[in-house]
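Let me begin by presenting the structure, written as structure tokens, before commenting on it.
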């Protein structure tokens, strides 16, 4: 059982990192309101944690979180009906 769910989650993490990096460039270039929302979220995150992130990393992280959330919802619905 852990091998099945662990493999799915590992694939989701890897896919969200790769796709998040690719899609973040699209977000910054073609959807400025979404890019501004990601920047605002990144600013709040850096204030809360005291860390520093680059603008590109914040965009990638925002897309990765969204993809991971969608993957989790789809996984839960398909697994638990």
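Every number in this text was worked out from the coordinates using simple rules, so none of it is lab data. Only a predicted model underlies this, so the values are computations on that prediction, with no experimental measurement involved. Backbone-built Cβ (ideal geometry, glycine too); neighbour counts: all protein chains shown.
Please determine whether any residue of the range 57-74 is loosely packed, with under 12 Cβ neighbours inside 10 Å, free of Cβ contacts under 8 Å to residues at least 12 places away in the same chain and more than 16 Å from the chain's Cα centre (by Cα). No, there is no match, as no residue in the range 57-74 is loosely packed, with under 12 Cβ neighbours inside 10 Å, free of Cβ contacts under 8 Å to residues at least 12 places away in the same chain and more than 16 Å from the chain's Cα centre (by Cα). Among residues of the range 36-55 that are at negative phi, those with a beta-carbon under 9 Å from a residue that is assigned to a loop (DSSP other than H, G, I, E, B) and surrounded by 12 or more Cβ atoms within 10 Å (Cβ to Cβ) at least six positions away or on a different chain give the pairs 42/53; 45/53; 46/53. Restricting to the range 38-56, name every residue that is surrounded by 14 or more Cβ atoms within 10 Å (Cβ to Cβ) and assigned to a helix (DSSP H, G or I). Scanning the range 38-56 gives 38, 39, 41, 42, 45.
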